[in-house]
Each structure stands twice: as structure tokens, then as C-alpha cells.
Amino acid sequence: MAVSAAERLTVLIADDNASDRMLLSAIVSRQGHDVLAASDGAEAVGLFERRRPQLVLMDAMMPVMDGFEAARRIKELAGESLVPIIFLTSLTEGEDLARCLDAGGDDFVAKPYNQIVLAAKINAMNRLRLLQETVLQQRDMITRHHKYLLNEQRVAKAVFDQVAHSGCLSAPNIRYLQSPYALFNGDLLLAAWAPSGNMHLLLGDFTGHGLPAAVGAMPLAEVFYGMTAKGYGLPETLREMNAKLKRILPVDMFCCAALICVNFKQQLVEVWNGGLPDAYLLHGDGRPHTPLVSTHVPLGVLSAGSFDDNTQVYPFGAGDRVFLLSDGVVDSTDESGELFGARRLQNVLVTNRNPALLIEEVQWALARFRGQARDDVSMVEVAYTEPDLLGPPSVIYTDSGDSSPLDWGASFEFRASTLKRFNPLPYLLQLLQEVHGLRLQSSELYIVLSELYSNALEHGVLGLNSALKRDAEGFGLYYTLRAERLDALQDGFIRIDFQVTPAGSGGRLTISVQDSGAGFDACHVLSLPPAVNQLSGRGLSLVKQLSDRCQWTDGGRTASVEFAWEGLA
Amino acid sequence: MSVTSDRSPDEQQLTIKIKGRFDFSTHQDFRGAYEKETKAKRYVVDLKETNYLDSSALGMLLLLRDHAGGERADVRLANCNPDVVKILAISNFSKLFNIG
């Protein structure tokens, strides 16, 4: 019974007895295998090295080198692949047979040979050999794939880091903890300066793990940086991020996220939380911390029409901090399956004495709770800092300036339904950026323009009284009223007029902002001492400080400011 | 089997019951429970015996909601225990599903 070509093996036969050797060779060849013959152990090892047979039939007792030593050497040469060695033996003592296996033999057959048993043993050993071969191939394939995967992750991470670190995570008022491979846990942390000098920061957590969790990060980061740099506020940025994720992600994928905007000059922080665990506003004056609860559906779930971009605004001054974290913190479990939970976290927040150590203390508490640290938690803390200490936000322009427009005017009127949803400031600022002489003051320009716009909208069109903002409670009420009145707005307008005129080698910009409101007594408001520790009243003094001239006419309904610049070298 | 489904006599409502953990390992069974369903107008996911729910389960609920008509879907998450309610609350899923 000959074997098929696929099962045809090269079999090495080592036996010092010539007649035994010839007999065995004849049997094995008749079964369809190729035979190599050796007359002692040393010759067998030599033949094995040269010809690499797949199976060895080995006599135990041989001159020069015995079968035990030859078996040991052949096994060593074979390395990881299985070369079955079947001992040929007339030995019958248990101890001797055991020696055959100890030396690396896989089986033995007793002399004289039974052809059927011998054929069955060769086949059985060959099956083992093939199994080992398959296992090794699969192991190597897995190793290779794993290496590819790690390399792909490394490249993807390097590309992504270029994007993520283009922001301002290194600003002195930000402290954070993130695993180096957080991207592949779906965690995302981004921060960037807005042209106004505000800081935007996003902590996101995509559903899932690995590559699927990472793919949404790039488009999200692009929208975040793009819109922040152009001067869009949180609501517009949120709407755009949600719409983009909704469009590109499969239905069952979404991104839990918290977005904050820190306004250092006006000492405010604006917060939106959709699906992240409670964040915390930690007060510098010792008041108990304020939880910033998730009140929204995560990004990428709702259609543009039902998405809710309402944010909460809180006073944010010296000593105040915002603390954001991913669900890896509160969802950590100990051996018994108990959650770390919000209460243990709050304990850490309450007992924290040195703000610089807060993140470390949360880590320690987690490690004590679990007995080991986790590498998939993200935490970030943003502190209030004097705006002067943060340095100016840097914006890079790429055009030459030859085509800068120097003598023009433009007027805009934004009416009720537009005021409800549209923020014209980024467009207006973009337009003014065409005037190169204004670029050095673009931050001041943006702040003044947005102050005048929000004054016109909130106090003029919506008729809100900023005196409401004198305490924390009124502060909340103010922003609730703002949202309600804006939502119900039927009439009203804001008109904005720009006049750019050349003056010597430089030029001058006049901005006037007029609203449909009741006006106010500008002389009286401006004569008040500047607010230091109050929650309101920073707007007008900012405008006064930052522009070259400002005045209110038309019973406070029209504000005019001027910016001048010298010729550029 | 941790996912079972049951159609009301008038075929208007499909109830899907999940026992134990509702996470990625339930994915195939959960999808299988509603994917071929064309008649039901209302869906109920009975979480009475669900003791754990992770973010991939939230994703699966969104898939069901999508299947049931997206923004017009009538999907109720019934018998949620307090832990499950907490998880649903963080993601404000009460804005997408009837929770009771």
C-alpha cells in the first residue's frame, strides 16, 4: 500500500546491521517514501544536516555514535520543527525504552518489524509533524500580523500626534494624563487658542477600541482646530462636529465628549457635556465643587435638526479649575467587580490640598482601589490664569500682502432669524484680516468686535440686564434668559458698518455697531469704577482699553470704535 | 442563550429580552432578534435581567432605533435597574428612547 505523492516523505534509516538496514529500507520504499541510509549515529547526523529528512528511524545501539546521542543532536539541529524519531530496538527493559524517549525519541518499534504497525506509526508521526508545522506557520503569521499592526498603529499615531499637538495642550494652565496609545482606546484630547484669546478644549471618548475607535478622531480634530482658529464659538463648532460624525460614522458608533471654552479676559467658562461622566468645576475660594453633568446626547447620534448645542456658562476666576475625565476613571472595578464610582472620586477632589497633585492623587486612589494602575484613563485639568501670562495666540498668515485693500466700506444687517442661529463674527473677522495692517491687532479686533456684538445682542436686541450677573445664581439666570429670549426672538436687528481709509503709510478702521434695542446711558456706565471682583461689567472697559477711540451715540444704541495702524516695513 | 425575542399576538410589538451582560458578545444575537422584523411598529427592549451594559450596547440600541425608523422610532427600554438607568442617563438616551 503506497502513500500518495503528498504524503511521500524522506525517511532517514540508521542501523549498523547491514541486513536489518536493507530490509527496513525495502519496507519503507515499498510504502512510497524516499530512503536515506546510515550505518552509525555520526553518519546519520551528517546525513540529516545535508538532506533534512522529515522522519528518522534510529537503531539504539550503534558504533561511533549511538542512537541516543544522534537523536539528541538531530533534535537540536531540527530546532522548532518536529522531526519525529522512531527508535528501532530489540531492547525490552522498561528502563531502556524510557531512555529512547528521554533522548528525544518520539516512539519506538520492536524488532523484528511488523510492516503494518511500522506503516501506521510512520503515518501517525507524520500527522504530528504536519500539525506542528501548521501551528508554527500560524504562530509566525500571527507574529507577522501583530508586527504590521503595531507598525500601522505607530504610523497612525505619529500622523495623529502631528495634528493633535498642533494645539496648545502644552499651555502652562493645562495639566493632563493620557495613555500614549489612548487614541486606540478611543480617547481624544485637544486644545486650541481662538483668535479672541479664549481657549477651547475637548475631551472625547469614541465607542469601541482599536482602529474603529481611532478613525473618527482625525475628522473631529480637523473640525475642532479649523473652527476654533476661525473664531467660531462652542455652539457652531459642536454643531459642525456632530454633523460630521453623524455623516461619516456607522450608526452604532458615537463620541462622548465634553467641550469647554475658557474666556480669560471676562473670567467665564462655557461647558457642553454629552455623554462623559460628571466633570467638575473646582472653586478656588473653598466652595464645594460644582458638577458639570452630561445633559446632552453624545456627538454623532442626532441629526442636525435635533442636535442641542446649548452650553452652560459659569464664572471662572483666580484659583478656579475645570476637571474633566473619561469613563475609565469612575468605571474602574476592583477584584470583586465593585466600581470606583463618583463618590470615591469626589473624596479625592475634596481632600486635595495641592492643586498641582490632583491628577496624581486620583491615580493613586485608583491604584489603591484596584491594586494596579490602568492605562486607559484620561484626565485633564484647566486652571484660570491671568491672560497676560499665557502669551498671545499665534496665527500664521501665508499671503504676501500686495493685494491688501485699503479704501473701502461695507455694511451688514443681521435680523432676528439670523441672530438666532448664525454667528457672523468669524466671517467679519476674516474680511478684516485681508487688511494686513490690522493683523497685528487681530486679537484685540476680535475681542472688541465680539464684545460689541454680544452687547448689541444681549443688552440691545434681547434686553437683558447685566446687573443680573452680580452673583452666581443671577449669573445662571442670565444665561437661561438669554437662551429663552433668543429662542423666542421675532424682531430686531444688529447693523455693523466697516470703513477702512488710508492715512499716511498706514490706515484707519472705523467699526460701528447699531442695535434695535432700547439703548443705555453710556456716560453713566463708563464713569463707574472698573469691576475687579464682579461677575459683570468687563465688556465696556475692555472695549475702551483695546481700541484707539470709542464712543456711544444714538442713546447708547450705536457704538463706534477706531483702530489705526502705521505703515508696515 | 442570553437574547430572546417575542412578538405580540397582533404582531405590532416585538419584545427583546437580554439576560446577563449586554455587551459586544451579544452583538450577533441582538441584531438577529430584530433584523428580519418587518411588521412590528413598536419595539420593547426588556432589561429586567440585564445587570451590565457597556458603550457597545448603547451602539446596538442605536442600531435598533435606526432599524425601527430613526427619529420616528418607537423603542421602549423597559425594567431598567438603577445601574443601567445611570449609564443611559449619562448619554442622555432618554432623549432617544422611552425609558420605563
Computed over region A:408-565, the Cα gyration tensor eigenvalues, each multiplied by 5 and square-rooted, give semi-axes in Å (largest first) of 27, 19, 14
Using the Kirkwood radius over Cα pairs of region A:165-390, the Stokes-Einstein translational diffusion coefficient at 25 °C and 0.890 mPa s, in µm²/s and rounded to a whole number, is 139 µm²/s
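As an exercise, use a Förster radius of 60 Å and the Cβ-Cβ distance of A:ARG343 and A:LEU130 to find the FRET efficiency, rounded to the nearest 0.05.
On the way: r = 59 Å, r/R0 = 0.98.
Once the sixth-power term is evaluated, E becomes 0.55.
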For B:LYS86, counting only aspartates and glutamates whose alpha-carbon sits under 19 Å away and dropping same-chain residues fewer than eight positions off, the answer is A:ASP205, A:ASP278, A:ASP327, A:ASP331, A:GLU338, B:ASP23, B:ASP46, B:GLU49, B:ASP54
Rounded to the nearest Å, the spacing of the alpha-carbon centers of region A:227-260 and region A:481-509 is 27 Å
In whole angstrom, the spacing between the Cα centers of region B:56-79 and region A:8-51 equals 70 Å
Simple spin-label estimate for B:ALA89/A:ASN465, 7 Å along Cα→Cβ, in nm, reads 3.6 nm
Computed over chain A, the relative contact order (Cα-Cα under 8 Å, seq sep at least six) in percent reads 9 percent
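If you count the DSSP beta bridges with both ends in region B:3-99, what percent of them are antiparallel, to the nearest 5? Display every interim value, and only then the final one.
Working: 5 of 19 bridges.
Approximately 25 percent, going by the DSSP bridge assignments.
Per residue, what volume in Å³ does the convex hull of the Cα atoms of the protein assembly as shown enclose?
Numbers: hull volume 178.3 nm³, N = 669.
Cα-based convex hull of the protein assembly as shown, divided per residue, equals 267 Å³.
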The size of the Cβ-based charge dipole (Lys, Arg +1; Asp, Glu -1) of the protein assembly as shown about the Cα centre, to the nearest 20 debye, is 1020 debye
Applied in sequence order to region A:247-261, the curve 6.51 cos²θ - 1.76 cosθ + 1.60 (Karplus, θ = phi - 60°) yields integer Hz couplings, x standing for Gly and Pro, of 6, 9, 8, x, 3, 8, 10, 8, 10, 6, 8, 10, 10, 10, 10
Hydrodynamic calc, region B:3-99: Kirkwood Rh from Cα pairs, then Stokes-Einstein at 4 °C with viscosity 1.567 mPa s, so D in µm² s⁻¹ is 98 µm²/s
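Roughly how crowded by other chains is peptide A:293-300, in terms of the mean Cβ count from those chains within 10 Å of each of its Cβ atoms?
Values: counts 3, 4, 2, 3, 7, 7, 0, 1.
Per-residue shielding by partner chains comes out at 3.
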Length gained, A:SER90-A:ILE116, 0.36 nm per residue minus C-alpha separation, equals 7.6 nm
Any residue on another chain or 5+ positions along whose placed amide H is under 5 Å from the amide H of B:THR50 is listed here as B:GLY20
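Express in nm, to one decimal, how much length is gained between A:TRP364 and A:ASP554 on full extension, taking 0.36 nm for each residue of separation and deducting their alpha carbon distance.
Values: separation 190, 0.36 × 190 = 68.40 nm, distance 6.12 nm.
62.3 nm is the gain from fully extending A:TRP364 to A:ASP554.
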Rounded to the nearest 5, the percent of DSSP beta bridges in chain A running antiparallel is 80 percent
Applied in sequence order to region A:126-134, the curve 6.51 cos²θ - 1.76 cosθ + 1.60 (Karplus, θ = phi - 60°) yields integer Hz couplings, x standing for Gly and Pro, of 5, 4, 4, 4, 5, 4, 4, 4, 4
In whole Hz, the Karplus estimates of ³J(HN,Hα) for region B:29-38 (6.51, -1.76, 1.60; θ = phi - 60°; x where Gly or Pro) are 5, 5, 4, x, 5, 10, 4, 8, 6, 10
Taking r as the C-beta separation of A:VAL155 and A:LEU357 and R0 as 45 Å, the FRET efficiency to the nearest 0.05 is 0.80
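Which value in Å is the Kirkwood Rh of region A:5-136 over different Cα pairs? Spell out each step's value before the answer.
Values: mean 1/r = 0.0691 Å⁻¹.
This gives a value of 14.5 Å.
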Given 10 °C, 1.306 mPa s and a Kirkwood radius over Cα pairs, the Stokes-Einstein diffusion coefficient of region A:219-342 in µm²/s is 101 µm²/s
Expressed in nanometres to one decimal, the distance between label points 7 Å along Cα→Cβ at A:SER303 and B:GLU37 is 2.2 nm
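Using only DSSP helix segments of four residues or longer, with each worth -39500 (n - 2.57), what per-residue ellipticity at 222 nm results for the protein assembly as shown after dividing by its residue count and rounding to 500?
On the way: 20 runs with 248 residues, N = 669.
About -11500 deg cm²/dmol.
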Note: probe point = Cα of B:SER8 + 7 Å toward Cβ; backbone nitrogen < 17 Å; residues of region B:78-97 passing the test are B:78-79
Restricting to lysines and to Cα separations under 28 Å from B:LYS36, and discarding same-chain partners fewer than 8 apart, the set is A:LYS246, B:LYS17, B:LYS19, B:LYS48, B:LYS95
Residue separation between A:THR385 and A:ASP285 times 0.36 nm, minus their alpha-carbon distance, gives in nm 34.5 nm
Between the Cα axis of helix A:41-51 and the main Cα principal axis of chain A, the angle (0 to 90°, nearest 10) is 50 degrees
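Here, each number is a calculation from the coordinates, and none is a lab measurement. Values in this document were obtained by computation on a predicted structure and should not be read as measured data. Positions of Cβ are backbone-derived with ideal geometry, glycine not excepted, and every protein chain shown enters the neighbour counts.
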